[in-house]
1. Step by step: first the residues of segment 53-91, then only those that are in a loop (DSSP other than H, G, I, E, B) and in contact (Cβ under 8 Å) with a residue 40 or more places away in the chain, then the one that is nearest to Q3 (Cα to Cα). Which residue is that?
2. Say we look at segment 92-114 and pick out the residues that are part of a strand (DSSP E or B) and farther than 17 Å from L4 by Cβ; which of these is least open to solvent (accessible area, probe 1.4 Å)?
3. May I ask you to list the residues in segment 63-91 that are within 14 Å of G50 (Cα to Cα), open to solvent by 20 Å² or more (accessible area, probe 1.4 Å) and not charged (D, E, K, R)?
4. What's the total number of residues in segment 24-38 that are within 11 Å of the chain's Cα centre (by Cα) and over 12 Å from E98 (Cα atoms)?
5. Could you check segment 58-115 and list, in sequence order, the residues that are aliphatic (A, V, I, L, M) and either closer than 17 Å to A23 by Cβ or modelled with pLDDT of 95 or more (or both)?
6. Would you check if Y55 is aromatic (F, W, Y) and open to solvent by 20 Å² or more (accessible area, probe 1.4 Å)?
7. Which numbered condition in (1) out of contact with any Ser or Thr (no Cβ under 9 Å at 6 or more places or on another chain); (2) under 22 Å from S99 (Cβ atoms); (3) open to solvent by 40 Å² or more (accessible area, probe 1.4 Å) is the only one that G60 fails?
8. Would you mind finding the one in G60, G50, G101, G16 that is of a type in the set (G, A, S) and out of contact with any strand residue (DSSP E or B) (no Cβ under 8 Å at 6 or more places or on another chain)?
Amino acid sequence: QVQLVESGGGLVQPGGSLRLSCAASRMTFSAYNMNWYRQAPGKQRELVAGITSRYTTNYGESVKDRFTVSRNNAKSTVYLQMNNLKPEDTAVYYCNAESSGISKWGQGTQVTVSS
């Protein structure tokens, strides 16, 4: 069974940085498109950033120029570098793996941006 485990969340002050990691197992990691989503209380889950199996990246409008998604296929890990964090970035961040109609999710990691 595919397993995705996120880490790196926490409490950070506005303007600070965090790096999230998502370690994958029991899957051919290099074949999957990897995405980061987030869900704030009372809001719908939204796409934050994605990186395809061919390393093409895309970002949500609200995080462009602040967040960077990357992957290391040798470590079966996808990362989300988050800079200049804002209170509105507060949410549970989820890792998603997608390929050929198959979609798998991690359990999520909480990111709280507050002074």
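1. Taking segment 53-91 as the starting set, the residues that turn out to be in a loop (DSSP other than H, G, I, E, B) are 53-56, 60, 64-66, 76, 83-86, 90.
After this cut, where a residue has to be in contact (Cβ under 8 Å) with a residue 40 or more places away in the chain as well, the list is 53, 76, 83-86, 90.
On the way: S53: 18, S76: 11, N83: 27, N84: 30, L85: 28, K86: 30, T90: 24 Å.
In this case the residue turns out to be S76.
2. Filtering segment 92-114 down to residues part of a strand (DSSP E or B) leaves 92-99, 102-105, 109-113.
Still in the list and also farther than 17 Å from L4 by Cβ: 112-113.
Details: T112: 46, V113: 7 Å².
This residue is V113.
3. Answer for segment 63-91, where residues must be within 14 Å of G50 (Cα to Cα), open to solvent by 20 Å² or more (accessible area, probe 1.4 Å) and not charged (D, E, K, R): T68, S70, N72, Y79, Q81.
4. 2
5. V63, V69, A74, V78, L80, M82, L85, A91, V92, A97, V111, V113
6. Working: aromatic (F, W, Y): yes; open to solvent by 20 Å² or more (accessible area, probe 1.4 Å): yes.
Judged against the criteria, Y55 is a match.
7. So the condition that G60 fails would be (3).
8. Of G60, G50, G101, G16, the one residue that is of a type in the set (G, A, S) and out of contact with any strand residue (DSSP E or B) (no Cβ under 8 Å at 6 or more places or on another chain) is G101.
The values are calculated or read from the model by the stated rules, or taken from the named source; none is laboratory data. Computed from a predicted model, the values in this text were never measured in an experiment. Reconstructed Cβ throughout: ideal geometry from the backbone, glycine too, with neighbour counts over all protein chains shown. Keep in mind that these areas ignore ligands, DNA and RNA; they rest on the heavy atoms of the full protein, side chains included. Shrake-Rupley method; radii C 1.70, N 1.55, O 1.52, S 1.80 Å.
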